[in-house]
Amino acid sequence: MTVNTVQNEADESHYHGVALSLVRRLCASRRLVFKACTDPKWLIRWLVPGAGCVQSVIMDARRDGGFELDGTDPDGLPYHVCGTCLDVVRDERIVLTWQYQGAAAGLNGPPTKVTIALRALGEDSCELTLTHTELPHAEAAGHQRMVWQICLERLAWSTDPATAHTDFRMPVGAISEIYGEHHRTLQDQFDSRKLANRLRKVSVGSELTADAREFIQARDMVFLSTVDHRGFPTCSYKGGAVGFVHVVDSRTLVLPSYDGNGMYLSAGNIAANPKVGLLFIDFERPHRLRIHGVASLVRDEHELKHFPGAELLITISIHEVFINCPRYIHHYERVGTSRFVPQEEGETPMALWKTLDLIRDYLPERDKKKLEAQALPSITRKAYLQRLKKGKT
């Protein structure tokens, strides 16, 4: 976890040009962080100066040793970073020259110098100070600062043993890696790469805006996609009262999971693969919002009491959020709320299908007791299907 961040302009009398400094406290030993800063297998996970994706890293971590990094930015354009190690003290310090060559104009320029200094704070924590000097002007320092902030976020994520997520949550949606190789192939075939890049920059975010929060809080349904143990996606409709999906903050949602058919497809999938997608749609005033995130299951009784009728809570950490064109959304008018939506008071009615004569003997004991208490008679498959066709279930 990142505990502290300090930014300052260095005294230009000590350097040629402009300098910047970032300080981070990391939940990892100084030895591990030094390895993460010198081992290509670690560097490829966190040192992503042009955002996008890094393809290769070469690092000869000794004096006069070379450094090279090749990657593609979020627009799919290549970039190259190279340098030479000027000083390396094991577990303490790395000093190297740094030169970026690529499409990001704010990062291009003559060679500069980067110093990473490590100070032990305990057995499993340390302080990292990154200083980038000899930058040509303040604007360049601003661009580099943003790049290093994201890189250090990735470093903290990759070295913290308590990290809950297996995927880094991008702090800026506009540099999201939302497109892969196959997306790019189709974009090129249909001449839409430039459009796709522009839409990513202007519409993909990493947190909810005020409008997005309001939109979610006004919805009474959402479509949830998960992936099962075989790799098949499952799309499930989830409904409730207006605002049943709780917006905790700009990067967190809580979705209550109500009584269902006992298969636990969505929850089971999440337990195995936490990546989820959510689609919120307004059919009355055509509009839709899509979210990608990482989910976890919560069964804490203290938390559940805030969500009447919920068996589980699905907490979603938002990675990407974006709107889509609504032109193909058909216009419907809302007639009423399902009588099965849990309420603060009163018992939720039993689902008719649970009274099927071919099902009721296999129900959990809690449902059998409800059937007995409500004296609900059995129904045949034929009778149930007839009611289903009429919408009277």
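Readers should treat all values here as calculations from the given coordinates under stated rules, not as data from a laboratory. None of the values given here were measured: they were computed from a predicted structure. Quick reminder, even Gly has a Cβ in these numbers, built from the backbone with ideal geometry, and neighbours come from all protein chains shown.
Considering amide H positions built from the backbone, and no H for Pro or chain starts, which residues 5 or more places from K275, or on another chain, come under 5 Å of its amide H?
Those qualifying (amide H under 5 Å, at least 5 residues apart or on another chain) are A295.
Can you run phi through the Karplus equation (6.51, -1.76, 1.60; θ = phi - 60°) for region 327-344 and list ³J(HN,Hα) in whole Hz, with x for Gly and Pro?
Here the 3J(HN,Hα) series is 5, 9, 7, 6, 8, 10, 10, 6, 9, x, 9, 4, 6, 8, 5, x, 10, 4 Hz.
Which of rounded, prolate, oblate describes region 70-190, given a ≥ b ≥ c as roots of the alpha-carbon gyration tensor eigenvalues and a/c under 1.5 marking rounded, otherwise prolate only if a/b is larger than b/c?
oblate
Could you give the semi-axes, largest first, of the ellipsoid that matches region 265-371, computed as the square roots of 5 times the alpha carbon gyration tensor eigenvalues and rounded to whole Å?
Semi-axis lengths for region 265-371 are 30, 22, 15 Å.
Count charges around A241 for me, please; just the other residues with Cβ under 14 Å from its Cβ, Lys/Arg as +1, Asp/Glu as -1.
+1
Quick one: what are the phi-derived ³J(HN,Hα) couplings along region 202-210, Karplus 6.51/-1.76/1.60 with θ = phi - 60°, whole Hz, x for glycine and proline?
Couplings: 9, 10, 8, x, 10, 7, 6, 7, 4 Hz.
Straight-line reach from K392: which lysines fall under 20 Å, measuring Cα to Cα and dropping same-chain residues less than 8 apart?
Once the sequence-local lysines are set aside, what remains near K392 is K238, K354, K382.
Students often get this wrong: which residues of region 73-97 have the backbone nitrogen under 18 Å from the point 7 angstrom along Cα-to-C-beta of R63?
Backbone N within reach: 84-97.
Once each part is reduced to its C-alpha centroid, what is the distance from region 220-245 to region 260-330 in angstrom?
Region 220-245 and region 260-330 have Cα centres separated by 5 Å.
How charged is the neighbourhood of M146? Take every other residue with its Cβ under 12 Å from the Cβ of M146, and add Lys/Arg as +1 and Asp/Glu as -1.
It works out to a net charge of -1.
Can you list which of the GluC sites (Glu not before Pro) found in region 300-393 are DSSP loop residues with at most 15 other C-beta atoms within 10 Å?
E333, E344, E345, E347
DSSP loop (so not H, G, I, E, B), at most 15 other Cβ within 10 Å: list which GluC sites (Glu not before Pro) in region 72-143 pass both filters.
Hits after loop and neighbour filter: E92, E123.
Computed from the coordinates I sent, semi-axes √(5λ) of the Cα gyration tensor in Å equals one of [x] 36, 23, 22; [y] 52, 24, 18; [z] 31, 27, 22. Tell me the label.
[y]
Taking loop as defined by DSSP and a crowding limit of 10 other beta carbons within 10 Å, which trypsin sites (Lys or Arg not before Pro) in region 167-266 fit?
Here the trypsin sites (Lys or Arg not before Pro) that fit, given the DSSP loop and packing criteria, are R230.
In what sequence do D60, D300, D73 fall when counting other Cβ within 10 Å, fewest first?
Exposure proxy ranking, most exposed first: D300, D60, D73.
Neighbouring Cβ atoms within 10 Å as the yardstick, rank H331, H183, H319 fewest first.
Going from sparsest to densest Cβ surroundings: H331, H183, H319.
Once amide H atoms are placed 1.01 Å from N in the peptide plane, what residues at a sequence separation of 5 or more from H287, or on another chain, have their amide H within under 5 Å of its amide H?
D282
Hey, fewest Cβ within 10 Å first, where do F34, F190, F280 land in order?
Result, fewest neighbours first: F190, F280, F34.
Using Cα atoms only, what is the angle between the long axis of helix 381-390 and the major principal axis of the chain, expressed in degrees (0 to 90) to the nearest 10?
That helix lies at roughly 70 degrees to the long axis.
Going by amide H atoms built from the backbone, whose H comes under 5 Å of the H on L356, apart from near neighbours?
Amide H neighbours of L356: I379.
Show me, for region 313-322, the HN-Hα J-couplings you get by feeding each phi into the Karplus relation (A = 6.51, B = -1.76, C = 1.60, θ = phi - 60°), rounded to Hz, glycine and proline as x.
Running phi through 6.51 cos²θ - 1.76 cosθ + 1.60 with θ = phi - 60° gives 10, 10, 8, 10, 8, 6, 9, 9, 9, 7 Hz.
Below 8 Å, C-alpha to C-alpha, sequence gap of six or more: please give me the relative contact order for region 237-393 in percent.
20
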